[in-house]
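For reference, the structure discussed in these notes is given below.
The values are calculated or read from the model by the stated rules, or taken from the named source; none is laboratory data. This structure is a prediction, so every number in the text was calculated from the model and none was measured. No Cβ is skipped: glycine too gets one built from the backbone with ideal geometry, and neighbour counts run over all protein chains shown.
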């Protein structure tokens, strides 16, 4: 450790000697990072998890009832609770820190889509699968529930049959149960961690190093915005990263009517975190916004925080104009999808270049893996 | 970057100061690099490297085919060691060509003219990978891979499917990344940019006297230099103004190294040196030409080194995060890049940064027992440190 510090000092000296610009070289400003971390933890992150946890448990109860008695009423209830929990999930997916990170990415077990149907069907048939292996990241979580509750047959009668009269009904029931149990179990672990010690560790890590709370949180936030929201929800289905559009890659594909709703929920969550808005109210506290205002970061005479908020609003307007089912939107008029993508993309630049530079934080991830 | 500029500045100062009493007229010829890699004689372009473009395209098709489990070992071998007129490729021009990839692997004049035994070893190893890909990996395409057994593994987070042999090695990566060194780098640095090739026979006199190849607009020396250029930029839409990412080989990985802030400027240094060196040939100034060769050798040699260290570290990180397929993919890239290190070239010398024996030892370490399934993070770290130290950069610089 000491060696590292010495090495770091030497490097800093070297940098100080060789650099000809007037940057502050690793030092940080006097903004109260602690207040920002406390507001994030106490008014946003923990309340959002405490909202999501019970909603997921309610979904678990509904699924258990459906597995016990696979009838239309129980199917409708399970679908209903699925959507309620899925919406709540949009508020926590970005918090890939602490336990969520140490589980080797909690969100890998909750929201990787599209699902690989053959993996699910194979698991149902053989009964041999391990939801803890990376092979099954795209065969569990909300997307797997979406498939099992909405897409396993062409109509409701067919779906009910899969869980009752079908030769593999026991396999479907077991798979469905295993998926929701895994989600519930991991979620309880993450919540327990936040409420039994990690919260203090999070708010007390106020330095500016690669592993400090704010540095990691800012990176997670931007990564989520860029990948989880911009790319996964809009860009990939719109074909931004492929030769052709891929309408089957939308979130909630089998449900067919919630991809827009989930995306808007996610964008609201992102913007609320940016503004430090309490999860359970309208009051705001220390945030990226107030930090940028404290630093007086302007672009063309306008505060960067206002520019970012305006851009989020523009993106929201574009998304609101889309079909409630993005699959349909991609097929009927993909240019509206790409316009929404473009509006989201503009904010990436403000966040990933301007904001992190102002905060003196380095981006710790690279965009693509190549081949 | 600054160092290079300084280096050039000092060299040219030295050159200026001693040139007054030098009796070779050629060395007084001033050399100015053109803005782009365009060279003309009597209104005709003198630049030509069709054979290099052909081999890069063949390698691109081979690379795709190595991921297509409908191919047989014979199909793949046909693409690797093409025979003129055989329908090995989807591109008719490639089928009609008398060129082949295999014949130019480990085939440079400086390293292999008197080491055909070594050349054959390298080629045979690649043959065995290609064979195993078809007979073992393709045959277990849909099975889940386990230690000792070939099959598929999916990367974390719904990522790509990776197809590995029993030791966790993606053989297609081993082949592709070996070609970067064995074909592109070896031909470029140790063949076409060697004085043994550039100055062979009457090349200098012919170049001095403007003696052109029969039916062509270039001198032999100009053409040899262009062939070196072609192995790097031959698959570009407009090779005179390269934009990189134009193949899956040296061109693309030069770009990747250049995109790391710790190695920013590498790509432009190479391009500038290739332009200036070619202009020096036109100006008959062989001293300036030879200075550019040293720059190119140093910079191009760094490409497999930086990528090898990068992927060794990525493999270690992903392994720790439980992403087995992601780790194996990174290590497979590292494995091929390490093999490529034997084709690098130390400036002002005739040897690689790591010898065949040394890279073979690294590769054996990685493949010991069940290979990537049981390789230790300490092994990966030690290897990364050795490679980085030899090339004079830090592991951290290459890692992110």
> When residue A:85 is evaluated against the numbered criteria (1) over 15 Å from the mean Cα position of the chain (by Cα); (2) away from chain B (no Cβ under 14 Å), which criterion, by number, is the only one it fails?
Replying inline: (1)
>> Regarding region B:318-327, can at least one residue be identified that is away from every other protein chain (no Cβ under 14 Å), assigned to a helix (DSSP H, G or I) and crowded, with 22+ Cβ neighbours inside 10 Å?
In response: no
>> Checking the condition touching a helix residue (DSSP H, G or I) at 6+ places or on another chain (Cβ under 6 Å) and at pLDDT 95 or above, which residue from A:61, A:51 passes?
In response: A:51
>> All but one of (1) without any contact (Cβ under 8 Å) to a residue 60 or more places away in the chain; (2) exposed (fewer than 14 other Cβ atoms within 10 Å of the Cβ) hold for residue B:140; state the number of the condition that does not hold.
In response: (2)
>> Any residue that is assigned to a helix (DSSP H, G or I) and more than 14 Å from chain A (Cβ to nearest Cβ) - is there at least one of those in region B:156-172?
In response: yes
> Which ones in region A:134-145 are touching a helix residue (DSSP H, G or I) at 6+ places or on another chain (Cβ under 9 Å) and either without any contact (Cβ under 8 Å) to a residue 12 or more places away in the chain or within 14 Å of chain B (Cβ to nearest Cβ) (or both)?
Replying inline: A:134, A:135, A:136, A:137, A:138, A:139, A:140, A:141, A:142, A:144
> What about residue B:128, is it in a helix (DSSP H, G or I) and within 18 Å of the chain's Cα centre (by Cα)?
Replying inline: no
> Restricting region A:104-133 to residues that are facing chain B (nearest Cβ under 9 Å) and closer than 30 Å to residue A:40 by Cβ, which is farthest from the chain's Cα centre (by Cα)?
Replying inline: A:132
> Only one of these conditions is not met by residue B:196: (1) modelled with pLDDT under 95; (2) part of a loop (DSSP other than H, G, I, E, B). Which number is it?
Replying inline: (2)
>> Among the residues of region B:180-195, are any within 14 Å of chain A (Cβ to nearest Cβ), surrounded by 19 or more Cβ atoms within 10 Å (Cβ to Cβ) and over 30 Å from residue A:138 (Cα atoms)?
In response: yes
> Just wondering, is there one or more residues in region B:347-364 that are in contact (Cβ under 8 Å) with a residue 60 or more places away in the chain, within 14 Å of chain A (Cβ to nearest Cβ) and either closer than 23 Å to residue B:245 by Cβ or surrounded by 22 or more Cβ atoms within 10 Å (Cβ to Cβ) (or both)?
Replying inline: no
>> Out of B:146, B:135, I need the residue that is within 14 Å of chain A (Cβ to nearest Cβ), surrounded by fewer than 19 Cβ atoms within 10 Å (Cβ to Cβ) and at pLDDT 95 or above. Which one?
In response: B:146
> Which residues, taken from region B:99-117, are surrounded by 11 or more Cβ atoms within 10 Å (Cβ to Cβ) and part of a loop (DSSP other than H, G, I, E, B)?
Replying inline: B:99, B:100, B:101, B:105, B:106, B:107, B:108, B:113, B:115
